[in-house]
Ligand SMILES: C[S@@+](CC[C@H](N)C(=O)[O-])C[C@H]1O[C@@H](n2cnc3c(N)ncnc32)[C@H](O)[C@@H]1O
């Protein structure tokens, strides 16, 4: 068996199991096994696979066959050009969330100084990316899940940003230190927003493997309501609120923000044209 043959049979096997990204996944898992860049596979089609490599590859392929996400199998996902360690304790950061980052960076210039709070930090993707992109910012990364915070802290350390990203285990704002009241330059959030009633419609990869605490909210707008209400307490005058929302939620979330006294609501679409990010500010 050589590289080309193995990729072909694995792709067919994945397709039979309803895996949409069959060829890509076969390549990612094989490049991991052989410790090659994915593109190097294309110049190694005739390379024979030895029995030890085949065993190692098959173990990964079997996991993917059970719809375990590739990012968990590899233990890593790239977000905004940086590698983040991920495992089942955290949501896998999504490209959609990069739109939220773009919008926040467009509003906080390169010299922006102050503290930004990331509500529901998960892997730390948002907080750590903002710290990396804006060297004068400090980030307060909040999550209710102690397991997620272990992963996020490790990511901050491996990306050498732990000195500017602090972590707090907190249900919402409950344990955010009082000294930040009225001081935050921005609150950013990608909170859980999936209605548990929609669970059967989710892809098996997500439904059966990613943490329910990161996905579901009994009332899908509850976190937005909570964040909007808390914004008056925590944001400085003129400061920014920026959140990712689920499909069809943007209008309701913008209305919640206005009802909470926030101004200049704006909505941005993701790459698929879905309204994905809602922004607003505290009056100046
Ligand atoms: C959709 S994930 C987002 C993870 C990460 N920010 C990202 O964008 O990839 C939502 C996160 O909110 C956290 N979370 C859920 N309920 C929370 C609460 N009541 N207070 C704080 N964080 C919460 C979950 O543990 C999870 O890490």
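No lab work stands behind these numbers, since they all come straight from the coordinates. Since the model is a prediction, treat every value here as computed from it, not as a measurement. Every residue, glycine as well, gets a Cβ built from its backbone with ideal geometry; the counts of neighbours run over all protein chains shown.
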| Separation in nanometres of the label points that stand 7 Å from Cα toward Cβ, at residue 157 and residue 113 | 3.0 nm
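For Cα pairs less than 8 Å apart in space and 6+ apart in sequence, what is the mean separation divided by the residue count of the range 211-277, i.e. the relative contact order in percent?
31 percent
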| query | At residue 174 and residue 74, where each label point lies 7 Å from the Cα along Cα→Cβ, what is the point-to-point distance in nanometres? | reply | 3.7 nm
| message | So for the chain, considering every pair of alpha-carbon atoms, how many percent are separated by more than 36 Å? | response | 22 percent
| By count of other Cβ within 10 Å, fewest leading, how are 42, 57 ordered? | 42, 57
| task | Would you mind computing, in nm to one decimal, how far apart the modelled labels at residue 1 and residue 105 are, each placed 7 Å from Cα along Cα→Cβ? | result | 4.1 nm
| Cα centroid separation, the range 227-250 to the range 155-209 (Å) | 13 Å
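Using helices alone, what [θ] at 222 nm do you get for the chain, with -39,500 (n - 2.57) per DSSP H run of 4 or more residues, divided over all residues and rounded to the nearest 500?
-12000 deg cm²/dmol
Could you sort the peptides 273-281, 226-234 by per-residue average Cβ neighbour count (10 Å cutoff), highest mean leading?
In decreasing order of mean packing, 273-281, 226-234 become 273-281, 226-234.
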